[in-house]
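Trainee: One structure coming up, written as structure tokens, with questions to follow.
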Amino acid sequence: MSADFAFADAAEILQSARELLEASLFSYQNEPVGTRAALSAGVAAENYADCFIRDFVPSALVFLFDGRSDIVRHFLRVALRLRGLQEEIEGHRNLPRVMPASFRVEREADGSEVLHADFGDRAIGRVAPVDSMMWWVLILQAYVNMSGDSALAEEPAFQRGLQSILSVLLYDRFEVFPTLLVPDGAFMIDRRMGVYGHPLEIQALFFATLNAMQELLVPDTVTGPMLEQAAKRRAHLTEYVRSFYWLDLPRLNEIHRYETEGFGHDIANPLNIYPESIPEWVSDWVPDDAGYLLGNLGPGRMDFRFFALGNLLSVVFGLSTDEQNTAIMNLFDHRWSDLIGRMPVKLVYPALVGVEWQLLTGSDPKNTPWSYHNGGNWPVLLWPFVAAVLRAGRRDLAVGALDVARMRLYRDDWPEYYDGRSGRMIGRRANTRQVWTAASLILAEVLIEQPDRLSFWDAKIHL
Ligand code: GLC
């Protein structure tokens, strides 16, 4: 380590993050349209040269804060066009048009440029990127609010895009809950990890997207009734998540003593959760004055793992109540070494081990205990962490997290993730020069100075 590295100050670190973000930009038809996922020289998987929709979120917010809204506008247009590239799957009648996980621009021999997209049909494990279309809507909402250009969302192509996304989301399948049902690996955790069903992160995005639709979709005879339906669904979803996903000590006691095998409407344990399914670590881990939203909920199934992004987005978007937000912050405070440790923020706590790891990940060597998605620490979570703690009035936690992260990220050359119980090791297969790591640090530093800048995402629902 050189002396320069050891003594870099916050300004130099930010400068290095900004250089990486800038270097990651790529163009289509002479306009910048996206940022590559990672610029590491080493063995990154082939698709890390793509722009992932979810990875672009912190980049987009940085560009919008910097007044470079044109980049975000180009991105929004290109991503919308990409939906047309989705290939039909034989045997599917009307395949809903979705947003790809990622895209890239390839140059042909004659110099022309071609857009290529991955709708999950090329992705490792063939996972469906359900979060992409929702993040696209939320980036559009951020763009309109920060640039003031509401005309973009009103363009017919955008209105058609919004309408078809809303109809995909509201389309009834085999559902008996207000939550959205998805397959495994349908969001940031894009590998098998026992996260099929109704994962929290998808529900938080669903909630925020239903809100955004009210702002972005112009009501007419077709969209008016859809917006009404969206408002009703949002109300049910909110009530359901706030009561059934919530876990604190009183709730845990209730579940611990649940009666089971109840039939009919007014029963305390409608999902027939067996108290025996509560993992041993939970009762000692939840502090008296803290709580969190469960990772997943379905018939006979409560996933007690703590998923950081779902909880943080619930705070940022206003899905959780003010009291719940305070309790979530207390959890981070009292369980700092588990959830922040040597690098903010632990993606999932705790890790799946042994037979659970074998059965739920399919023995995935990238997701061994306390690595990558299975209990790794991800610096990209800095921005939602800082946004959430500021929203809940806990600036002290944001300052603490940034102090832990800043110098280390710079010195380690912007890794994708860290391994170990406290995130002390650089991720075994992590890329360096990971762009959303750098963008997230920039964004966190901006937010701590200007805490209200993301308030347009906050639905402030009072039920
Ligand atoms: C990994 C992450 C995913 C991310 C992608 C590109 O697959 O799990 O969330 O979008 O890398 O950084």
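Trainee: Confirm whether residue 38 is small (Gly, Ala, Ser), surrounded by fewer than 19 Cβ atoms within 10 Å (Cβ to Cβ) and either at pLDDT 95 or above or in contact with a helix residue (DSSP H, G or I) (Cβ under 6 Å, 6 or more places away or on another chain) (or both).
Mentor: Against the criterion (small (Gly, Ala, Ser), surrounded by fewer than 19 Cβ atoms within 10 Å (Cβ to Cβ) and either at pLDDT 95 or above or in contact with a helix residue (DSSP H, G or I) (Cβ under 6 Å, 6 or more places away or on another chain) (or both)), residue 38 does not qualify.
Trainee: Restricting attention to segment 162-186, report how many residues are under 20 Å from residue 234 (Cα atoms) and either in contact with a strand residue (DSSP E or B) (Cβ under 9 Å, 6 or more places away or on another chain) or surrounded by 12 or more Cβ atoms within 10 Å (Cβ to Cβ) (or both).
Mentor: Residues meeting the conditions: 15.
Trainee: Of the conditions (1) under 25 Å from residue 329 (Cβ atoms); (2) open to solvent by less than 20 Å² (accessible area, probe 1.4 Å), residue 404 fails just one. Which one is it?
Mentor: (2)
Trainee: Going by what's in this entry, would residue 63 be described as more than 16 Å from the ligand (Cβ to nearest atom), part of a helix (DSSP H, G or I) and open to solvent by less than 40 Å² (accessible area, probe 1.4 Å)? Quick ask: steps written out before the conclusion?
Mentor: Working: more than 16 Å from the ligand (Cβ to nearest atom): yes; part of a helix (DSSP H, G or I): yes; open to solvent by less than 40 Å² (accessible area, probe 1.4 Å): yes.
So residue 63 passes the test.
Trainee: Would you point out which residue out of 388, 351 is more than 14 Å from the ligand (Cβ to nearest atom) and in a helix (DSSP H, G or I)?
Mentor: After ruling out the rest, the residue left standing is 388.
Trainee: Give the residues of segment 106-161 that are part of a helix (DSSP H, G or I), surrounded by fewer than 12 Cβ atoms within 10 Å (Cβ to Cβ) and among the hydrophobic types (A, V, I, L, M, F, W, C), sorted by residue number.
Mentor: 151, 157
Trainee: Starting from segment 167-190, take each residue that is closer than 26 Å to residue 222 by Cβ and without any contact (Cβ under 8 Å) to a residue 40 or more places away in the chain and list its partners that are more than 16 Å from the ligand (Cβ to nearest atom) and acidic (Asp, Glu), counting only C-beta distances under 7 angstrom and pairs at least six apart or across chains.
Mentor: 181/175
Trainee: Restricting to segment 268-323, count the residues that are part of a loop (DSSP other than H, G, I, E, B) and not hydrophobic (A, V, I, L, M, F, W, C).
Mentor: 16
Trainee: Starting from segment 387-405, keep only residues that are under 16 Å from residue 314 (Cα atoms) and of a type outside the set (Val, Ile, Thr), then list their pairs with residues that are part of a helix (DSSP H, G or I) and open to solvent by 20 Å² or more (accessible area, probe 1.4 Å) whose Cβ atoms are within a distance under 7 Å, requiring at least 6 positions of separation or different chains.
Mentor: Taking only residues 6 or more apart or on different chains, the pairs are 390/451; 392/326.
Trainee: Right, another one. Answer yes or no as to whether residue 335 is under 24 Å from residue 439 (Cα atoms) and open to solvent by 30 Å² or more (accessible area, probe 1.4 Å).
Mentor: So residue 335 does not fit the description; no.
The values are calculated or read from the model by the stated rules, or taken from the named source; none is laboratory data. Just so it is clear, the structure is predicted and the values come from calculations on it, not from any experiment. A quick note on method: Cβ atoms are made from the backbone with ideal geometry, for glycine too, and the neighbour counts reach across all protein chains shown. For accessibility, only protein heavy atoms count, side chains too; no ligands or nucleic acids. Shrake-Rupley method; radii C 1.70, N 1.55, O 1.52, S 1.80 Å.
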